[in-house]
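What follows is a single structure, written as C-alpha cells, with notes after it.
The values are calculated or read from the model by the stated rules, or taken from the named source; none is laboratory data. None of the values given here were measured: they were computed from a predicted structure. Because the Cβ atoms are built from the backbone with ideal geometry, glycine has one as well, and the counts that use them run over all protein chains shown. Protein only, heavy atoms only, side chains kept; ligands, DNA and RNA dropped before computing areas. Shrake-Rupley method; radii C 1.70, N 1.55, O 1.52, S 1.80 Å.
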Amino acid sequence: MPVAAGRDPRYLSHALAGRNRARSPDPPEATSKTRMARIVMKFGGTSVADLDRIRNVAGRVKREVDAGNQVAVVVSAMAGTTNQLVKWCQDLSPLHDAREYDTVVATGEQVTIGLLAIALQTIGVDARSWQGWQIPIRTDDAHGKARVEEIEGGVLIERMAMGQVPVIAGFQGIGPDNRVTTLGRGGSDLSAVAIAAAVKADRCDIYTDVDGIYTTDPRIVPRARKLPAVAYEEMLELASVGAKVLQTRSVELAMKQRVRVQVLSSFEDKPGESLPGSLVVDEDEIVEQPLVTGVAYSRDEAKVTLRRVPDKPGIAALVFGPLSAANVNVDMIVQNLGADGTTDMTFTVGKADLPRARDVLEKVRAEIGFEAMVTDPEVAKISIVGIGMRSHAGVAATMFKALAEKGINIQVISTSEIKTSVLVGSEYTELAVRALHSAYGLDAEG
Ligand code: ADP
Ligand code: ASP
Ligand code: MG
C-alpha cells in the first residue's frame, strides 16, 4: 500500500497510546503554503437525513476545501435508518447472529458515503467514497461493538494531499476474519476520531443537530447551558452515562491520542461563517471548575434481579462470567443479603442485551441456583458528573435530597470519583434531570 513519504501513516491503538500530540512530526507537505490544516469533519444522522441536508453538508465541506484545507469526511447513516435496520434483525430473531446483524446495520452508511460523494462532485469537489474494509479500518471480532485496532492512514493522506476528499463510512470496520464489523451505536464518532488520529489531523469536527456540548440534553432541559470547553475526563463520564452527543469510546480515544475534538452544529450557521462549538480539552485548560459540570440520563439500560441466590464464594463469578463471555456488559450492581443465607442480586445490562442476558442466565440457572429472575426494562439511569466532585463532600447528598423532594424513588446507586448515578423508574427521567440541573445551579438565567 503506498504511503506518504517519510512517516508511518498507520494508527496502532496500542503503540501510540500515550503520545501527546495528534500531529507530530509535521509531514513534508505541511510546509506547502497552500495547506492550512488537515481536518476530519463528521456528520451525524440528522445532518444527512435527506438530500437537502446532504447538499448542505457538501457545501460545508467545500468551504473548508476552498479555504485550502485538507479534508476527510466521516458520515453516519440517514437519521432513522440504523434503527430500522436494527429492528428488522430483532423482529426476525431477538437472539440473531451478531455477524449477520453487522452485515445488515453497516449498510446505512454505505448509502450516505455514495450520496455525499456525488453531491460533492456535483459542486466541483473531487471526492471518493470509502467503506471501512476498503481503507481498511481493522477491528477485533466483537461484532456489534467492535474495537478499532488499526487504521491504514496512508492512502487517505495521499488522497487528501492530492486535493481529494475521502468520504468515509462511519460505524463500520473489518474484523480478523475479514467480515464487516460495527462499532456500537453512535460509533461514527469513534470512526471520526480514529481517522483523525490515523491521518494526524489538526482537528476533528463533529457536526450534529445541537451547537455544542450542554450542561444536560438541551432537548430535555431548555435552560441547559452550552459549555465552551469540557475536560476529556468529564466528557468521557458524561458520554458513558448517556450524553450521546459524543460516543464514549470516541472520547476515550481522543483523550488517549490527544485528538482535538470540537462539537458544532451542521444546521445553524450562515454560509461562510461557523458558530463556535464546544471543545473537548485537557482539564487544566478549563478556567472555572464547577462542582457538577453536567447531568446525563440513559434509557438504554434494563434491570435484572436474581432472587434468592445462595450466598457463597464464587457466586458472582458464576453470574457475571457467562454474561461477559457472551459479550453482555454489566453496569450497576447491588447485592442485598437476606437473613436466610441467600441474597438478591440486582444489576443492569444494556436494553439491547436483555434477551441475550436472560438466555445466558437461564442456561446457568441450575448451576447458580437462584429462585427467580425478574427483569425490568422500564428504568432510567440519571447521573451527575464533575471533576469538582473529587475534592468536595456532600455532592451526592444534594442529589438524593433533590430526588426525594420530587418523590422519586432510587432503586440502585453507583459512584465513581467524578460521577454519581442512580437508577429510577423511567417515567421520572425528565423530572429527575430537571430537578438535578436546578439543584446544582446549572440552569441558564432568564
Ligand atoms: P448525531 O446523529 O449527529 O450523531 P446524536 O443524536 O447522536 O447526533 O447526538 C446529538 C444529540 O445528543 C442532541 O440532539 C441532544 O439531544 C443529545 N444530547 C444529550 N446530552 C447532550 C448534551 N449534554 N449536550 C448536547 N447534546 C446532548
Ligand atoms: N448510524 C449509526 C447509529 O445510528 C452510527 C452513528 O450514527 O454514529 O448508531
Ligand atoms: Mg451520535
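Please report, ordered by residue number, the strands (runs of 3 or more DSSP E) entirely within the range 202-308 with at least 1 residues that are touching a residue at least 60 places away in the same chain (Cβ under 8 Å) and either of a type outside the set (Val, Ile, Thr) or away from ligand 2 (no atom under 16 Å from the Cβ) (or both). Write out each step before concluding.
Numbers: elements: 203-208, 229-231, 261-265, 278-281, 294-298.
By residue number, 203-208, 229-231, 278-281, 294-298.
Could you say whether any residue in the range 143-158 is under 18 Å from the mean Cα position of the chain (by Cα), modelled with pLDDT under 95 and within 16 Å of ligand 3 (Cβ to nearest atom)?
So far as the range 143-158 goes, yes, one or more of its residues are under 18 Å from the mean Cα position of the chain (by Cα), modelled with pLDDT under 95 and within 16 Å of ligand 3 (Cβ to nearest atom).
If a residue must be more than 14 Å from Val261 (Cβ to Cβ) and either more than 16 Å from ligand 3 (Cβ to nearest atom) or outside any loop (DSSP other than H, G, I, E, B) (or both), how many such residues does the range 187-200 contain? Walk me through it before giving the result.
Our first condition is that a residue be more than 14 Å from Val261 (Cβ to Cβ); within the range 187-200, this holds for 187, 198-200.
Filter again for either more than 16 Å from ligand 3 (Cβ to nearest atom) or outside any loop (DSSP other than H, G, I, E, B) (or both), leaving 198-200.
Residues that pass the stated criteria total 3.
Have a look at Ser324, Ser298 and point out the one that is touching a strand residue (DSSP E or B) at 6+ places or on another chain (Cβ under 6 Å) and of a type in the set (Gly, Ala, Ser).
Numbers: Ser324 fails: touching a strand residue (DSSP E or B) at 6+ places or on another chain (Cβ under 6 Å).
One residue alone meets the criteria, Ser298.
Here are Ala22, Ala30: which of them is of a type outside the set (D, E, K, R), out of contact with any strand residue (DSSP E or B) (no Cβ under 7 Å at 6 or more places or on another chain), crowded, with 21+ Cβ neighbours inside 10 Å and at pLDDT below 50? It would help to see each step written out before you state the result.
Numbers: Ala30 fails: crowded, with 21+ Cβ neighbours inside 10 Å.
After ruling out the rest, the residue left standing is Ala22.
Just one of Ala372, Ala393 is open to solvent by 10 Å² or more (accessible area, probe 1.4 Å) and without any contact (Cβ under 8 Å) to a residue 12 or more places away in the chain; which is it?
Going through Ala372, Ala393 in turn, the sole match is Ala393.
Name the residue that is nearest to ligand 1 (Cβ to nearest atom), counting only residues in the range 211-223 that are surrounded by 21 or more Cβ atoms within 10 Å (Cβ to Cβ) and hydrophobic (A, V, I, L, M, F, W, C).
Ile213
Any idea how many residues of the range 131-186 are open to solvent by 40 Å² or more (accessible area, probe 1.4 Å), aliphatic (A, V, I, L, M) and not in a strand (DSSP E or B)?
Qualifying residue count for the region: 2.
Ala77 fails exactly one of the following numbered conditions: (1) closer than 19 Å to Val245 by Cβ; (2) more than 15 Å from ligand 3 (Cβ to nearest atom); (3) of a type in the set (A, V, I, L, M). What is the number of that condition?
(2)
Could you tell me which numbered condition Arg203 fails, if it satisfies all but one of (1) within 27 Å of Ser391 (Cβ to Cβ); (2) away from ligand 3 (no atom under 16 Å from the Cβ); (3) open to solvent by 10 Å² or more (accessible area, probe 1.4 Å)?
All conditions pass for Arg203, except number (1).
What pairs come out if I take residues in the range 60-83 that are touching a residue at least 40 places away in the same chain (Cβ under 8 Å) and away from ligand 1 (no atom under 16 Å from the Cβ) and pair them with residues that are outside any helix (DSSP H, G or I) and open to solvent by 50 Å² or more (accessible area, probe 1.4 Å) whose C-beta lies under 9 Å away, six or more apart or interchain?
Sorted first by the residue in the range 60-83, then by its partner, the pairs are Lys62/Ile123; Lys62/Gly124; Arg63/Pro271; Arg63/Gly272; Arg63/Ser274; Val65/Asp126; Gln70/Met36.
When you check Val105 against the structure, is it open to solvent by less than 10 Å² (accessible area, probe 1.4 Å), more than 17 Å from Arg38 (Cα to Cα), touching a residue at least 40 places away in the same chain (Cβ under 8 Å) and within 16 Å of ligand 3 (Cβ to nearest atom), yes or no? Give the steps one after another, and end with the answer.
Details: open to solvent by less than 10 Å² (accessible area, probe 1.4 Å): yes; more than 17 Å from Arg38 (Cα to Cα): yes; touching a residue at least 40 places away in the same chain (Cβ under 8 Å): yes; within 16 Å of ligand 3 (Cβ to nearest atom): yes.
Criteria met by Val105.
Which residue pairs have Cβ atoms closer than 7 Å, lie 6 or more positions apart in sequence or on different chains, and pair a first residue in the range 161-187 that is without any contact (Cβ under 8 Å) to a residue 60 or more places away in the chain and more than 16 Å from ligand 2 (Cβ to nearest atom) with a second residue that is open to solvent by 40 Å² or more (accessible area, probe 1.4 Å) and not in a loop (DSSP other than H, G, I, E, B)?
As it stands, the answer is Gln164/Arg128; Ile174/Trp133; Ile174/Arg138; Ile174/Val180, since those pairs meet every condition given.
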